[in-house]
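The values are calculated or read from the model by the stated rules, or taken from the named source; none is laboratory data. Computed from a prediction, not measured in an experiment: that's the story for all the values here. Cβ placement follows ideal geometry from the backbone for every residue including glycine, while neighbour counts extend to all protein chains displayed.
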Amino acid sequence: MSNIKILDCTLRDGGYVNNWHFGRKAIETMLFNFSKSNTDIVECGFLTNKPYDPDYSLYNSVEQLNELVSSDSSMNTMYVAMIAIGEREINPVLLSEADSTVLDGIRLTFHPNEIDLAFEWAEIIKSKGYKLFMQPVGTTNYTDKQFLDLLERINKLEPYAFYIVDTLGVMYEKDLIRQVFLVDNNLKPSISLGYHSHNNFQLAFSNAQALSQYNTKRNIIIDCSANGMGRGAGNLCSELFMDYLNRTFSKNYDVLPVLEIVDRYLIPISLSNPWGYNSAYFLSAANNCHPNYSSYLMAKHSLSMPAIGSILKQIPQKEKRFFNKALIEKIYQEYQSNAVDDIEILDRLRKKLDGRNVLVISPGSTVKSEKGSILKYISKKKPFVISVNFIPDYIKPNIVFVGNSVRYSELEDRLNLKKTVFTSNIKNLPKKAVCINYSELINATDDASDSSGLMVLKLLKKASVKSVALAGYDGFTKNPLSNYINKNMCGVYDPILLKEKNLAISKELKKLKEKMKIKFVTTSIYDTEKTRSDKKL
Ligand SMILES: C[C@H](O)CC(=O)C(=O)O
């Protein structure tokens, strides 16, 4: 079919991966290269109400695009940007008329409860001279009746395009073609039909091929992104689909400028912030859930895949489609908590620790790089040593604290049960395992609610310890692979998330410091006093 257009959404949907922080040079080059590759429609990013920063593909005025789109770009390229109702969107009333900008069109995306507002805004966008793309989030969740009612309103509105949007990445070919059939038979022929996919079932490419074979005179727009960069499991790969269209329909896309974007800008991002298909995103689609639920649970780095699957199943049906952070944290904590009687264990610990210096060693990379300071501290203070989620190779800890199922599976074969304390969230422990109640050790910040380092400190507080020394409790740096003594321990790569974890941990440490003395034996970003105890020794 020759009436197919490609829309590249890397700078918008891909931005969920890196918080839209591509850098100004990269944004300019990407816009230029997409045009050079003959991409029909290029999405420049989001229009939001946030302050403008040229390093981000987020804009608060349409004129900002004039600076970024090169005058050498092809006249045939159409430029669009998205307004997403509910995502710090800009009211289109505030936008200048289309003739003041290189921007040709606006993609308006909205949830079912925002339909009335979307139609109000749609009229404003049209009246300002923009091509209007209507993009209902998650069309898979519309009943036929709701979908047909929407199409009726769309016919009256007469936008440039109407989209089938597979937000959850759950559409099989038969589901797509079914909705395509509804649209093609009920939408005015002048309105283009768009398809935006996500790759949770690895079906974005085959579905796009099926749609391209569908027999219609209507114009079709298919969304894709360079290297599939996009939220969660990502999108259809632009380069793959361009090549397919060239071979099948004698189109004239040039994949090389797209590959250059991938090589120069996207691969470096993917090293610290990967996207694309994985088991957790498969599970979110299989449970018809928003992919952010899986991302959130994966970022805990404390759950096995079956555990993630089991938690996703517990999300109530009506909450599955839209991400609800408070809800998933609650279900997560309920899943993890598994009440045990730990009074006697706490008593024993209290007695053991009475009058002792306590050193808690976490698996930060300073355990290796500042080994001298740790050994010096141990030799001078003769502390009771508790290691957290790992067994150091040059010290014999008195106790290993295990507060995370993933770490347990790594350590299982090497643990001496008599010298190990587990938190009760860990499932399938041997009968003789010593367990402390998980729910009493967690804190109220979602981003580090069950950080094992904090749980140990809470446990020590319960055991009436007044002063603790910390080693290897480094905090998270931008380079995730350098955060642990062993790079295989790294599970969270997203720098934004790591920053949030750092903030949450600092906040909780501050509270703990009101109740107990905490000092740092090794360098740590949480060491607000910046006084290294090895210097004092
Ligand atoms: C294209 C849609 O309007 C917004 C989006 O990315 C989604 O998956 O939903």
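Go through the range 88-171 and tell me which strands (runs of 3 or more DSSP E), entirely inside it, have 3 or more residues that are assigned by TED's automatic domain parsing to the domain that holds K320 and either within 14 Å of the ligand (Cβ to nearest atom) or modelled with pLDDT of 95 or more (or both).
On the way: elements: 105-110, 131-136, 161-165.
No strands (runs of 3 or more DSSP E) qualify here.
Condition first: part of a helix (DSSP H, G or I), over 30 Å from V17 (Cβ atoms) and either assigned by TED's automatic domain parsing to the domain that holds L297 or touching a helix residue (DSSP H, G or I) at 6+ places or on another chain (Cβ under 7 Å) (or both). Can you find one or more residues in the range 506-522 that meet it?
Within the range 506-522, one or more residues are part of a helix (DSSP H, G or I), over 30 Å from V17 (Cβ atoms) and either assigned by TED's automatic domain parsing to the domain that holds L297 or touching a helix residue (DSSP H, G or I) at 6+ places or on another chain (Cβ under 7 Å) (or both).
Which of (1) over 28 Å from the mean Cα position of the chain (by Cα); (2) surrounded by fewer than 18 Cβ atoms within 10 Å (Cβ to Cβ); (3) under 23 Å from W121 (Cα atoms); (4) not hydroxyl-bearing (S, T, Y) does L95 not meet, given it meets every other one?
L95 satisfies all of (1) over 28 Å from the mean Cα position of the chain (by Cα); (2) surrounded by fewer than 18 Cβ atoms within 10 Å (Cβ to Cβ); (3) under 23 Å from W121 (Cα atoms); (4) not hydroxyl-bearing (S, T, Y) except (2).
Take T10 and tell me if it is within 16 Å of the ligand (Cβ to nearest atom) and of a type outside the set (D, E). Explain how you work it out, then say what you get.
Working: within 16 Å of the ligand (Cβ to nearest atom): yes; of a type outside the set (D, E): yes.
For T10, the condition - within 16 Å of the ligand (Cβ to nearest atom) and of a type outside the set (D, E) - is met.
With hydroxyl-bearing (S, T, Y) and either closer than 21 Å to T109 by Cα or within 16 Å of the ligand (Cβ to nearest atom) (or both) as the only criterion, which of S74, S70, S37, S61 stands out? Talk me through it step by step, then tell me what you get.
Details: S74 fails: either closer than 21 Å to T109 by Cα or within 16 Å of the ligand (Cβ to nearest atom) (or both); S70 fails: either closer than 21 Å to T109 by Cα or within 16 Å of the ligand (Cβ to nearest atom) (or both); S37 fails: either closer than 21 Å to T109 by Cα or within 16 Å of the ligand (Cβ to nearest atom) (or both).
Selected residue: S61, the only one of S74, S70, S37, S61 that is hydroxyl-bearing (S, T, Y) and either closer than 21 Å to T109 by Cα or within 16 Å of the ligand (Cβ to nearest atom) (or both).
Looking at (1) assigned to a helix (DSSP H, G or I); (2) more than 14 Å from the ligand (Cβ to nearest atom), find the lone condition where P51 falls short.
(1)
How many of the residues in the range 202-231 are touching a Lys or Arg at 6+ places or on another chain (Cβ under 8 Å) and either under 25 Å from S270 (Cα atoms) or within 12 Å of the ligand (Cβ to nearest atom) (or both)?
Residues in the range 202-231 being touching a Lys or Arg at 6+ places or on another chain (Cβ under 8 Å) and either under 25 Å from S270 (Cα atoms) or within 12 Å of the ligand (Cβ to nearest atom) (or both): 2 in total.
Would you check which residues across the range 109-140 are charged (D, E, K, R) and touching an Asp or Glu at 6+ places or on another chain (Cβ under 6 Å) and list them? Even if it seems obvious, please write down each step before you answer.
Taking the range 109-140 as the starting set, the residues that turn out to be charged (D, E, K, R) are 114, 116, 120, 123, 126, 128, 131.
Across the range 109-140, the qualifying residues are K128, K131.
Identify, by number, the condition in (1) buried (at least 16 other Cβ atoms within 10 Å of the Cβ); (2) free of Cβ contacts under 8 Å to residues at least 60 places away in the same chain that P430 doesn't meet.
Of (1) buried (at least 16 other Cβ atoms within 10 Å of the Cβ); (2) free of Cβ contacts under 8 Å to residues at least 60 places away in the same chain, only one is false for P430: (1).
So how many residues does the range 371-427 have that are loosely packed, with under 13 Cβ neighbours inside 10 Å and in contact with a Cys (Cβ under 7 Å, 6 or more places away or on another chain)?
0
Could you please tell me which pairs satisfy a Cβ distance under 8 Å, a separation of 6+ or placement on different chains, a first residue in the range 86-111 that is among the hydroxyl-bearing types (S, T, Y), and a second residue that is within 16 Å of the ligand (Cβ to nearest atom) and not in a loop (DSSP other than H, G, I, E, B)?
Here the result reads T109/M82; T109/I83; T109/A84; T109/Q135; T109/P136; T109/V165, each pair linking the range 86-111 to a residue that is within 16 Å of the ligand (Cβ to nearest atom) and not in a loop (DSSP other than H, G, I, E, B).
All but one of (1) assigned to a helix (DSSP H, G or I); (2) among the hydroxyl-bearing types (S, T, Y); (3) surrounded by 18 or more Cβ atoms within 10 Å (Cβ to Cβ) hold for S302; state the number of the condition that does not hold.
Unmet condition: (1).
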